[in-house]
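Colleague: Have a look at this one before I ask anything.
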Amino acid sequence: MTTPKPAYVDVVFPASVETRLTYRVPEEWRGLAVPGKRALVPLGPRPVTGYLVGTRDRSPVSDTKDLREILDAEPLLDAHLLELTRWVADYYLCPWGEVIRTALPPGIDSLTRQLVRVTSAGAAAMDGGSLLRPGEREILAFLRVRGEAALPALSRRWRQARGVVHALARRGLVELAGEVRPPRIRPLTVAHCTLAPGVDPESAPLPPRASKQRAILRTLAAAGNALPRAEAGAGSPAALAALIRQGLVHVREVEVTRDPFAFPEGREPTDLPRELTTGQAEAVALVQAALAERRFLPVLLHGVTGSGKTEVYLQAIQAALAQGRQALILVPEIALTPLTVRRFLARFGGRVAVLHSGLRGGERYDAWRRIRRGQAAIVVGARSAVFAPLPALGIVVVDEEHDPSYKQEEVPRYHGRDVAIMRAKLLHAPVILGSATPSLESFQRAQGGRYGLARLPQRIEARPLPRVEIVDLRRVEGGDRLLSPALCAALAERLARGEQSLLFLNRRGFSTLLLCQECGSVLGCPRCSVSLTHHATRGRLRCHTCDFERRPPERCPQCQGSRLRYLGFGTQQLEVAVRERFPRARVARMDRDTAGTWQAATRILEDLERGATDILVGTQMIGKGHDVPNVTLVGVVSADMALHLPDFRAGERTFALLTQVVGRAGRGDRPGLALIQTFNPDHYILRAVQGQDYAALWEAESRLRREQDLPPFARAVLAVLSSPQADPAEAAAKEFARLLCAQGIRTDHLNGPAPAPLYRVRGRYRWHLLVRGRDAGRLRAAVSEAGRRLRASPAGRGVRLDLDVDPASVC
């Protein structure tokens, strides 16, 4: 029985249109119209790439356009990934097409643009002196000279070009046409050479003096297989070209894989499974039972730093591979991926693939295609790897599950950990959530029995946790507060013993603001309500919100005063201070400025591992993932920065960050020490960090959250309303609050509306509301409906509404 061919398909788009549109499938394409493929369809005046998500026999509307072309021979998304992306769109209140675009490698869609051409009527209007409005004659004259131009190019040249062009098009003076360009990212092929059939290098008819040509024939004969053209030419491309012209050598294009993590062919993995502790064995057994039963089971692996969580992951994954299933491992930071990959390559060899946004476009595309073809049993990656096209996925691991990096800040604002849990649920597979400092949400679900709980309360080989001491900066002279006497003495002691140290400061740059001492003004970003940070190594002032840059002024822009002073400190200033204090020490810095790529981050950490760095200064990047036995000291230069942010997660996040950083010390045979510098030595979060006491954090934070109906005891949606003008943003925020109340949201479940902590970002004024509720479904439905009504109201015109379900931060 043949499957009926669909007459109509539902299509979603990565931008512009949030709802599904239905298109008629021309007869010649009906055999290929399958959900999960891409299609070129008309949208307005131009063709665009859309994603097929469903088929139907009838159209819901009478006037249905035809799709133009099916772009894929096979579906890019299987039924499972379509279901997963649909859930993400529904749960996070975002367009389905945006989620699908996130799930696919970037650069594979056909590019389209609108071209504008003058019509004969337009040329006649210019020649005949017809009445043309301001701007119209200039654009028509430009197009007449150029022949055609892309609409975005015209918009860059004339601010009002888009409106003028559409007005001209309505009068028939110009025409708009869509141009389709090939995808930016495609498979890479390399020319390879082989001997033509029957060619003998010794008897081939070559001139006596063609020694280079004969040498090339001998090289190809000895190789047996095809050689890349550059290698086959052996430095004599002209000789090779002559052989190709004579037909003695054949050339064919061979697709090559771009993989910076490729495991050498023929090499065997060197890392063998290690003997498990009692806690590790219990955790692995818990996962193995779920694998055997093909049962969904989230397992919170709560283990102190250095307790061997990675070995649990490796052995649980080995059990899944033994069943012929695949594994997905998520890590929070792209910079951490090479360290994790190294462990997995050592254990599993070439069965590992890496997928994250830090790869070059071609590398990411090739990894995605390799995974989709089933050629990789294990995928390691950051947040977006949760959508990896694994056809036989049997186990999911989320390392450092508490990390806020798993939450995407742009649309679609999904949480990688929670999507991983839903993916495992849809596939009836176990998912391991590993952390030394679990999120309160995960811990509460484990306490309530919704998740399995496995504990690793001790470090491997019963090594002690580092001793933590708090340095009270109130008792330290001002000039010594960056590097207190206690911290300097500890650093000197480690240097004398040949041990290594980490210094943590979660703020990059040299100075945090430039102050005029005559008028008191602070040089701020022209587009954001933040001060500019001084980056001394580049001699620039930079906004860390929108990346605006400028040279430091010689005089105050407000009063023209010359008494300018830099205040505050960042990792650059800390690095300079360390070098001045310890001139013979080998000092390195790791932050977004020095480790902007995963390759740079890997080099810095490899230097630390091989002992080429004595003191590593850095932001939170130095507090995750690496395991260097010779690091015996961690210094937290300023623990106060994040404690008092206007965010209900500030305490939890600070505890996790400091505990993770402190946990880098003492992982070898030598005991570790951590010094925490602070002006708040009695703060309950710092006392919990000092005792590395997660239970104390849970007791304090859960009591506060329960009293205020905050996660994990309620659900939350953060709404941010923004506009280029301040008044419309405020008015829209107040109207949105009214609409929420009309949808049944209680006023005591609304925090706001109020100006956002970052009031102006990239030239837009921002107001926000935090909407809370016990029922997640009802909360999302109320917020979604209120948003729909706001967009349809006068108050919503010109105002952007951004919704963040389960926000990781409200700042």
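Colleague: Show me the trypsin sites (Lys or Arg not before Pro) within the stretch 187-257 that DSSP assigns to loop and that have at most 12 other Cβ atoms within 10 Å of their Cβ.
Modeller: Working: sites: ARG209, LYS212, ARG214, ARG218, ARG229, ARG245, ARG252; in loops: ARG209.
Hits after loop and neighbour filter: ARG209.
Colleague: Given the -39500 (n - 2.57) contribution per DSSP H run of 4+ residues, what per-residue ellipticity at 222 nm results for the chain, rounded to the nearest 500 deg cm²/dmol? Walk me through the intermediate numbers first.
Modeller: Details: 23 runs with 262 residues, N = 811.
Helices in the chain give a 222 nm mean residue ellipticity of -10000 deg cm²/dmol.
Colleague: Could you give each residue of the stretch 280-285 its phi-based ³J(HN,Hα) in whole Hz, using Karplus coefficients 6.51, -1.76, 1.60 with θ = phi - 60°, and x for Gly or Pro?
Modeller: Coupling constants for the stretch 280-285: 5, 4, 5, 5, 5, 4 Hz.
Colleague: Hey, another quick one. Whole-Hz Karplus ³J(HN,Hα) for the stretch 700-705, in order, using 6.51 cos²θ - 1.76 cosθ + 1.60 and θ = phi - 60°, x for Gly and Pro?
Modeller: 3J(HN,Hα) across the stretch 700-705, in whole Hz: 6, 6, 5, 5, 5, 5.
Colleague: Need one number: convex hull volume per residue for the stretch 1-145, Cα atoms only, in Å³.
Modeller: On the way: hull volume 25.9 nm³, N = 145.
Enclosed volume per residue, from the Cα hull, is 179 Å³.
Colleague: Moving to a separate point now. For a Förster distance of 25 Å, can you work out the FRET efficiency between the beta-carbons of ILE460 and ASP693, rounded to the nearest 0.05? Don't skip to the end; give the middle numbers.
Modeller: Values: r = 21 Å, r/R0 = 0.83.
Efficiency at R0 = 25 Å is approximately 0.75.
Colleague: Ignoring ligands, DNA and RNA, what percent of the 1.4 Å accessible area of the chain is carbon and sulfur? Intermediate results must be reported in sequence, preceding the final value.
Modeller: Numbers: 17880 of 36700 Å².
The computed percentage sits at 49.
Colleague: Dipole of the chain (Lys/Arg Cβ +1, Asp/Glu Cβ -1, origin at the Cα centre): which of GLN326, THR340, VAL530 lies farthest to the positive side?
Modeller: Value computed over the given set: VAL530.
Colleague: Using mean Cβ contacts within 10 Å as the protection proxy, how do 202-208, 509-515 order, highest first? Could the numbers behind the result be given before it?
Modeller: On the way: 202-208: 10.6, 509-515: 20.9.
Highest to lowest by the protection proxy: 509-515, 202-208.
Colleague: Sticking with this one: Provide the per residue accessible area, probe 1.4 Å, for the stretch 518-615, rounded to a whole number of square angstrom.
Modeller: Working: 5270 Å² over 98 residues.
In whole numbers, the stretch 518-615 has 54 Å² accessible per residue.
Colleague: To the nearest 0.05, how large is the calculated FRET efficiency for THR270 and ALA222 if R₀ is 35 Å and r is the Cβ-Cβ distance? Intermediate values should be presented prior to the final figure.
Modeller: Working: r = 31 Å, r/R0 = 0.90.
Efficiency, rounded to the nearest 0.05: 0.65.
Colleague: Read phi for every residue in the stretch 298-312 and hand back ³J(HN,Hα) as whole Hz from Karplus 6.51 cos²θ - 1.76 cosθ + 1.60, θ = phi - 60°, with x for Gly and Pro.
Modeller: x, 10, 7, 9, 9, x, 4, 4, x, 8, x, 5, 5, 5, 4
Colleague: Let me ask something additional. Using DSSP to call loops (not H, G, I, E or B), can you name the trypsin sites (Lys or Arg not before Pro) in the stretch 603-667 whose Cβ has at most 12 other Cβ atoms within 10 angstrom? The partial results should precede the final answer.
Modeller: Details: sites: ARG603, ARG610, LYS624, ARG649, ARG653, ARG664, ARG667; in loops: ARG610, LYS624, ARG649, ARG664, ARG667.
Qualifying residues, ordered by number: ARG610.
Colleague: So for the pair ALA79, ARG555, with labels modelled 7 Å out along Cα→Cβ, what separation do we get in nm?
Modeller: Label at ALA79, label at ARG555, 7.4 nm between them.
Colleague: Another question, if that's okay. Cα extents of the stretch 688-811 along the three principal axes, largest first, in whole Å?
Modeller: 53, 32, 18
Colleague: Give the relative contact order (percent, whole number) for the stretch 639-700; include only Cα pairs under 8 Å separated by 6+ residues. Write out the running numbers ahead of the final one.
Modeller: Numbers: 38 pairs, mean separation 21.4, N = 62.
With pairs under 8 Å counted, the relative contact order is 35 percent.
Colleague: If the only charges are +1 at each Lys and Arg Cβ and -1 at each Asp and Glu Cβ, what is the size of the charge dipole of the stretch 44-135 around the Cα centre, to the nearest 20 debye? Could you put the intermediate results ahead of the total?
Modeller: Working: 10 positive and 12 negative charges, 101 e Å.
In total the dipole reaches around 480 debye.
Colleague: Nearest 20 debye, what's the magnitude of the dipole of the stretch 656-811 about its Cα centre given +1 on Lys and Arg Cβ and -1 on Asp and Glu Cβ?
Modeller: Around 560 debye, computed over the stretch 656-811.
Colleague: Excluding residues fewer than 8 places away in the same chain, name every one of the lysines whose C-alpha is closer than 21 Å to that of LYS425.
Modeller: By straight Cα distance, LYS425 reaches LYS407.
Colleague: For the stretch 172-282, state what percent of all Cα-Cα pairs lands in each successive 5 Å bin, counting from 0 Å until the bin that includes the largest distance.
Modeller: 2, 9, 14, 13, 9, 8, 8, 7, 6, 6, 5, 5, 4, 3, 1, 0
Colleague: Please identify which residues in the stretch 527-563 have an amide N closer than 16 Å to a label point set 7 Å out from the Cα of GLU518, following the Cα→Cβ vector.
Modeller: 553-563
Colleague: Cut-off under 13 Å on the C-alpha distance; same-chain residues fewer than 8 positions from LYS37 excluded. Which aspartates and glutamates are left, in chain and number order?
Modeller: ASP10, GLU69, ASP72, GLU74, ASP78, ASP109
Colleague: Please give the charge dipole size of the chain, origin at the Cα centre, charges +1 on K and R Cβ atoms and -1 on D and E Cβ atoms. Round to the nearest 20 debye. Before the final figure, lay out the partial values.
Modeller: Working: 115 positive and 84 negative charges, 377 e Å.
Once rounded to the nearest 20, the dipole reads 1820 debye.
Colleague: Could I ask something else about it? Which FRET efficiency value, to the nearest 0.05, is calculated for VAL145 and LEU426 with the Förster distance at 51 angstrom and r the Cβ-Cβ distance? Present the calculation step by step, with values, prior to reporting the outcome.
Modeller: On the way: r = 57 Å, r/R0 = 1.13.
Here the calculated transfer efficiency is 0.35.
Colleague: Show me the ranking of peptides 725-736, 73-84 by mean Cβ neighbours inside 10 Å, starting with the highest. Walk me through the intermediate numbers first.
Modeller: Numbers: 725-736: 19.8, 73-84: 16.6.
Going from most to least packed, we get 725-736, 73-84.
Colleague: How compact is the stretch 301-410 by the rule of thumb for globular proteins, expressed as Cα Rg over 2.2 N^0.38 Å? Intermediate results must be reported in sequence, preceding the final value.
Modeller: Numbers: Rg = 13.3 Å, N = 110, 2.2 N^0.38 = 13.1 Å.
Dividing the Cα Rg of the stretch 301-410 by 2.2 N^0.38 Å gives 1.01.
Colleague: Using Cα pairs under 8 angstrom and six or more residues apart, how large is the relative contact order of the stretch 533-605, in percent? Intermediate values should be presented prior to the final figure.
Modeller: Values: 51 pairs, mean separation 11.5, N = 73.
This gives 16 percent for the stretch 533-605.
Colleague: A further question on this structure: Lysines within cross-link reach of LYS65: Cα-Cα under 16 Å, excluding same-chain residues under 8 positions apart?
Modeller: none
Colleague: Same structure again: Suppose the chain between LYS65 and GLU282 were pulled fully straight at 0.36 nm per residue; how much longer would it get relative to their current alpha carbon spacing?
Modeller: 72.2 nm
Colleague: So what are the radius of gyration and Dmax for the Cα set of the stretch 75-181, in Å?
Modeller: Values for the stretch 75-181 (Cα only, Rg and Dmax): 20.1, 62 Å.
Colleague: Given points 7 Å out from each Cα along the Cα-Cβ axis, report the ARG703 to SER809 separation in nanometres with one decimal.
Modeller: 2.9
Colleague: Would you please classify the overall shape of the stretch 615-754 from the alpha carbon gyration tensor, given that a ≥ b ≥ c denote the square roots of the eigenvalues, rounded means a/c under 1.5, and beyond that prolate means a/b larger than b/c while oblate covers the rest? Spell out each step's value before the answer.
Modeller: Working: a/c = 3.18, a/b = 2.20, b/c = 1.45.
Taking the square roots of the gyration eigenvalues as a ≥ b ≥ c, the stretch 615-754 is prolate.
Colleague: Normalise the Debye intensity by I(0) for the chain, one equal point scatterer per Cα, no solvent, then take log10 at q = 0.08, 0.09, 0.10 Å⁻¹ and round to two decimals.
Modeller: -0.88, -1.09, -1.28
Colleague: Please work through the chain and write down the cysteines that have no neighbouring cysteine Cβ at a distance under 4.7 Å.
Modeller: Isolated Cys, the chain: CYS94, CYS193, CYS488, CYS546, CYS741, CYS811.
Colleague: Separate question: Non-local amide H neighbours of ILE395 (under 5 Å, H modeled in plane, Pro and chain starts lacking H): which ones?
Modeller: Counting only residues 5 or more places away or on other chains, the set is GLN326, LEU328.
Colleague: Same structure, new question: Just to compare against my own numbers: the Cα pair-distance distribution for the stretch 461-549, 5 Å bins, whole % per bin, please.
Modeller: Whole-percent P(r) values from 0 Å outward: 3, 11, 13, 15, 15, 13, 12, 9, 6, 3, 1, 0, 0.
Colleague: Quick one: which residues, 5 or more positions from LEU513 or on another chain, have an amide H under 5 Å from its amide H? H modelled 1.01 Å from N in the peptide plane, none for Pro or chain starts.
Modeller: Those qualifying (amide H under 5 Å, at least 5 residues apart or on another chain) are HIS534, LEU567.
Colleague: List the extent of the Cα atoms of the stretch 411-531 along each of their three principal axes, largest first, rounded to whole Å.
Modeller: Sorted largest first, the three principal extents are 65, 49, 26 Å.
Colleague: Find, among the chymotrypsin sites (Phe, Trp or Tyr not before Pro) in the stretch 595-681, those assigned to loop by DSSP (not H, G, I, E, B) with at most 15 other beta-carbon atoms within 10 angstrom. The partial results should precede the final answer.
Modeller: Numbers: sites: TRP598, PHE648, PHE655, PHE679; in loops: PHE648, PHE679.
Of the chymotrypsin sites (Phe, Trp or Tyr not before Pro), the ones in loops of the stretch 595-681 whose Cβ has at most 15 other Cβ atoms within 10 Å are PHE679.
Colleague: Using Cα pairs under 8 angstrom and six or more residues apart, how large is the relative contact order of the stretch 115-210, in percent?
Modeller: Details: 69 pairs, mean separation 35.4, N = 96.
It rounds to 37 percent for the stretch 115-210.
The values are calculated or read from the model by the stated rules, or taken from the named source; none is laboratory data. What you are looking at is a predicted structure, and each value in this text was computed from that prediction instead of being measured. Cβ coordinates were reconstructed from backbone atoms using ideal geometry, including for glycine residues, and neighbour counts include every protein chain displayed. Surface accessibility is based on the protein's heavy atoms, side chains included, excluding ligands, DNA and RNA. Shrake-Rupley method; radii C 1.70, N 1.55, O 1.52, S 1.80 Å.
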